[in-house]
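Take a look at the structure set out below.
The values are calculated or read from the model by the stated rules, or taken from the named source; none is laboratory data. Just so you know, these numbers come straight off a predicted model, no measurement behind them. Cβ: placed from backbone, ideal geometry, glycine included. Neighbour counts: every protein chain shown.
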Amino acid sequence: MQPQGRGPSGGVLARQAFEEEALALLDRLYGTALRLAGNRADAEDLVQDTYLKAFRFAERFEPGTNLKAWLFTILHNTHLNARRQVRRNPIEVDSAAVEQSAAAAPGRDDPEALVMRDVLDVDLKAALDALPEAFREAVWLRDVEEFSYAEIASMLEVPIGTVMSRISRGRRLLHDGLVERRAAGRTVNL
Amino acid sequence: MVRCEDVDRLMTPFVDGEIADADRAAVEAHLERCTPCRMRSTMEAAARQVLRSGAASLREAATVQAPLDLKARCAAAARTGSREAARSGIRQRRGMMSWRLAAAAAVVLAVGGVVGLVLSRTSTTVMAAQLTVDHLKCSKLFPPNSPSDDVRVVEQRVGEQCGWPVRVAGSHPAIGLKLLGARRCLFGDGHVAHVMYLQGNEPVSLFVIPGRQSDPRALSVFGHRARVWSRDGRTYVLVGRQDEARLGQVAQYAQSMTH
């Protein structure tokens, strides 16, 4: 959790503005929860628990900082905790071995240049979905949601160095995936 | 001399343009003479560029309309949260409620919410959120049980149902407003009167809540607009998807007719 902030508890209006702004992000959080939990029932539980915690600990939010990042952190931490407790779905990729292989993975000698305008949204989405979860989350939070390394580190509960190596490895895996999809003729060249 | 392992650690901030100047020079010098590292940085930069240019549509695809009852439960969580924050000593020891228990409690709060609203000092935002859900439920599921556009008939019936006199504003063709009828709000357990209208093809609800005082406010909740005002010991909440101007017409008219 975040350090003690001044929170929106300064006044009724501040509290209302905080609630409004938080509730306005509900569809974003629900979409993320679906991606993390993989099914509607767990996603709904996840979002609801996130709001219960957010409103209960509202005074810990620093006004003026990124509310979306704060809510995403609660959502991700709650998701990680729920997984740890039930131990039925251990994090897909989390071992030291994987982090090391991520660092040591060689680049291709002659990578095919990826031409941006050739990539369709649908292929990008499919290539992202095909990434191992740990890498996909890191890349998603960085390049799609545009959070800082530090924000992502607190969401995923890993050191900043690990966040960077996951982003780096995830991007290169994505690059390979996109090149392969194009080689397989699934992309229409413009 | 910078080694490949060192460059590897700096690759992402380098590609993101968030690297310290001193480190940048070292990385650039290394990339000049190390083909594998240069390839890796090219690949990472290309993937980053594709992602960034696709980010808006990826975000859009990842924004999923949450079910209405989930929205209601989350809005109810705002109330639970404020109340719990008030008795801060207890929550630290007790820890989080169990999942299912919390979910069940929130459903009860959401469904029974309006009763609590009347009695407690809930935030106007949360009240508007819950009434917006009621507006959607009622206008979709429950047509007025005594459909009539005769103001006196509607006032008499809803007054009998609620047990207190309810002033109802009738149809007003000049602003395209048609009175559909009124009912005692199911979720208010008789504490809230729900007057239903159509403005053009768009449903509008006016909720009348006795014994609550709210400052006038205009809010935006779940894709709807809400206008809240109080007068003579009653609070009125007008809810619809109309634009500001059209809903404003209804608000102005309702204010003039119910006082």
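Collect the residues in the range A:14-35 that are assigned to a helix (DSSP H, G or I) and more than 7 Å from chain B (Cβ to nearest Cβ), keeping them in residue-number order. Reasoning before the result, please.
So the first thing to find is which residues in the range A:14-35 are assigned to a helix (DSSP H, G or I), and the list is A:14-24, A:26-35.
Passing the criteria: A:Ala14, A:Ala17, A:Phe18, A:Glu21, A:Ala22, A:Ala24, A:Leu29, A:Ala33.
Please find, within the range A:116-125, the residue that is surrounded by the fewest Cβ atoms within 10 Å (Cβ to Cβ) out of those that are touching a residue at least 60 places away in the same chain (Cβ under 8 Å) and either part of a helix (DSSP H, G or I) or at positive phi (or both). Working first, answer last.
Here is the first cut: in the range A:116-125, the ones touching a residue at least 60 places away in the same chain (Cβ under 8 Å) are A:117-120, A:123.
So of that shortlist, the ones also either part of a helix (DSSP H, G or I) or at positive phi (or both) come out as A:117-118, A:123.
Values: A:Arg117: 9, A:Asp118: 14, A:Asp123: 19.
Selected residue: A:Arg117.
Which condition from (1) surrounded by fewer than 19 Cβ atoms within 10 Å (Cβ to Cβ); (2) in contact with a Gly (Cβ under 6 Å, 6 or more places away or on another chain) is the one that B:Gln199 breaks?
Checking B:Gln199 against (1) surrounded by fewer than 19 Cβ atoms within 10 Å (Cβ to Cβ); (2) in contact with a Gly (Cβ under 6 Å, 6 or more places away or on another chain), the one that fails is (1).
Only one of these conditions is not met by B:Arg246: (1) part of a strand (DSSP E or B); (2) farther than 14 Å from B:Leu131 by Cβ. Which number is it?
(1)
State which residue pairs qualify: first residue in contact (Cβ under 8 Å) with a residue 12 or more places away in the chain and charged (D, E, K, R) and inside the range B:52-76, second residue in a helix (DSSP H, G or I) and surrounded by fewer than 18 Cβ atoms within 10 Å (Cβ to Cβ) in any location, beta carbons under 7 Å apart, and separation of 6 or more residues or different chains.
The qualifying pairs are B:Arg73/B:Val107.
Only one of B:Ala46, B:Ala77, B:Ala72, B:Ala66 is part of a helix (DSSP H, G or I), in contact with a Leu (Cβ under 6 Å, 6 or more places away or on another chain), within 11 Å of chain A (Cβ to nearest Cβ) and at pLDDT below 90; which?
Checking each option against the conditions leaves just B:Ala77.
Looking at (1) more than 11 Å from every other protein chain (Cβ to nearest Cβ); (2) at pLDDT below 95; (3) within 30 Å of A:Asp45 (Cβ to Cβ), which one does A:Leu141 not meet, given that it meets all the others?
The number of the failed condition is (2).
Examine the range B:137-151 for a residue that is modelled with pLDDT of 80 or more, in the same structural domain as B:Met196 (by TED's automatic domain parsing) and buried (at least 24 other Cβ atoms within 10 Å of the Cβ), and state whether such a residue exists.
No - not one qualifying residue is present in the range B:137-151.
Just to be sure, is B:Thr35 within 28 Å of the chain's Cα centre (by Cα), among the β-branched types (Val, Ile, Thr) and surrounded by fewer than 24 Cβ atoms within 10 Å (Cβ to Cβ)? Quick ask: steps written out before the conclusion?
Details: within 28 Å of the chain's Cα centre (by Cα): no; among the β-branched types (Val, Ile, Thr): yes; surrounded by fewer than 24 Cβ atoms within 10 Å (Cβ to Cβ): yes.
So B:Thr35 does not fit the description; no.
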